[in-house]
Amino acid sequence: QVQLVESGGGLVQAGASLRLSCTASGRTFGNYAMGWFRQAPGEEREFVSAINYNGGSTTYTDSVKGRFTISRDNAKNTVYLQMASLKPEDTGIYLCAAGPYLRSRVAEYDYWGQGTQVTVSS
């Protein structure tokens, strides 16, 4: 089992920045690819970004490319999502997930956190 806890969300104005963190406990963090997803009210969970087990490969959904940066620190069992130039459409619950491969589908991830709320006002 892997337990994931997100933090760092909040209410910000458009154009601001936030850094989300997701800290893992349980099985070896460094064995897993990590993903960030978000879910707006009434919407399906959507992929945001992912990073492979050692940080050597990353991927982003098109809407966040150039604004968001994913990174990880395996010594701290933590994955980060640095978000800049936030837009109201970035609003949602942000969840981190752990899985065996660098993927963008929800079904490819085995473990999920509870999420942290990000609200961007216009």
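The values are calculated or read from the model by the stated rules, or taken from the named source; none is laboratory data. For clarity, every value in this text was computed on a predicted model and none was experimentally measured. A quick note on method: Cβ atoms are made from the backbone with ideal geometry, for glycine too, and the neighbour counts reach across all protein chains shown. We work out accessible area using only protein heavy atoms, side chains counted, and drop any ligands, DNA or RNA first. Shrake-Rupley method; radii C 1.70, N 1.55, O 1.52, S 1.80 Å.
Summary of computed values
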item: Selection from region 66-77 of residues that are in contact (Cβ under 8 Å) with a residue 40 or more places away in the chain, crowded, with 16+ Cβ neighbours inside 10 Å and either aliphatic (A, V, I, L, M) or part of a helix (DSSP H, G or I) (or both); result: Asn74
item: Whichever residue in region 78-122 is closer than 14 Å to Val5 by Cβ and not in a strand (DSSP E or B) and, among such residues, is most open to solvent (accessible area, probe 1.4 Å); result: Gln114
item: Verdict on Val2 being open to solvent by 50 Å² or more (accessible area, probe 1.4 Å), touching a residue at least 60 places away in the same chain (Cβ under 8 Å) and farther than 24 Å from Ser122 by Cα; result: no
item: Sole exception among (1) open to solvent by 70 Å² or more (accessible area, probe 1.4 Å); (2) within 16 Å of Tyr109 (Cα to Cα); (3) touching a Ser or Thr at 6+ places or on another chain (Cβ under 6 Å) for Gln13, by number; result: (2)
item: Conditions (1) more than 16 Å from Arg103 (Cα to Cα); (2) part of a strand (DSSP E or B); number of the one not met by Ser63; result: (2)
item: Hey, Ser21 modelled with pLDDT under 95 and in a strand (DSSP E or B) or not; result: no
